Amino acid sequence: ILGFSTPPGRLSMMAFILNALTCALALLYFIRRGKQCLDFTVTVHFFHLLGCWIYNSRFPSALTWWLVQVVCTALMAAIGEYLCMRIELREIPLSSAPKASV
């Protein structure tokens, strides 16, 4: 069903891309570590590959499916890592309240 020439194919590809973007936000919410984003992204897509393989009873062989998966993996990892790094690199606020002298 994935393909550039038909409207349902384009719609399916857009759904995969939007899923990658929402999963990048999930990486920010659940993982919060830039170094771990690629690991979790590859793990999620590996489980998706296994699920597709089991559901269809054959290994995915369509080139468009593999291209969409590679693009979605790259998007999810890059955007997730960017968002996590923004959180990690924020300044730590220091309170300016005077210390109590003992």
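The values are calculated or read from the model by the stated rules, or taken from the named source; none is laboratory data. Everything numeric in this text was worked out from a predicted model, so none of it was measured. Every residue, glycine as well, gets a Cβ built from its backbone with ideal geometry; the counts of neighbours run over all protein chains shown. What goes into the accessible areas is simple: the full protein's heavy atoms, side chains included, and nothing from ligands, DNA or RNA. Shrake-Rupley method; radii C 1.70, N 1.55, O 1.52, S 1.80 Å.
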Can you pull out the residues in region 52-79 that are assigned to a loop (DSSP other than H, G, I, E, B) and without any contact (Cβ under 8 Å) to a residue 40 or more places away in the chain?
Ser57, Arg58, Phe59, Pro60, Ser61
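Looking at region 41-51, which of its residues are without any contact (Cβ under 8 Å) to a residue 24 or more places away in the chain and closer than 30 Å to Arg90 by Cα?
In the first step, residues of region 41-51 are kept if they are without any contact (Cβ under 8 Å) to a residue 24 or more places away in the chain; the result is 43, 46-51.
Thr43, the sole residue that qualifies.
The rows are residues; the columns are (1) at pLDDT 90 or above; (2) of a type outside the set (Gly, Ala, Ser); (3) open to solvent by 90 Å² or more (accessible area, probe 1.4 Å); (4) in contact with a Cys (Cβ under 8 Å, 6 or more places away or on another chain).
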site	(1), (2), (3), (4)
Thr64	no, yes, no, no
Gln69	yes, yes, no, no
Thr73	yes, yes, no, no
Tyr82	yes, yes, yes, no
Leu89	no, yes, yes, no
Ser96	no, no, yes, no
Please find, within region 36-59, the residue that is farthest from the chain's Cα centre (by Cα) out of those that are under 18 Å from Ser12 (Cα atoms) and surrounded by 13 or more Cβ atoms within 10 Å (Cβ to Cβ).
Cys52
Scanning region 1-30 for residues that are in contact (Cβ under 8 Å) with a residue 40 or more places away in the chain and not in a helix (DSSP H, G or I) gives Leu2, Gly3, Phe4
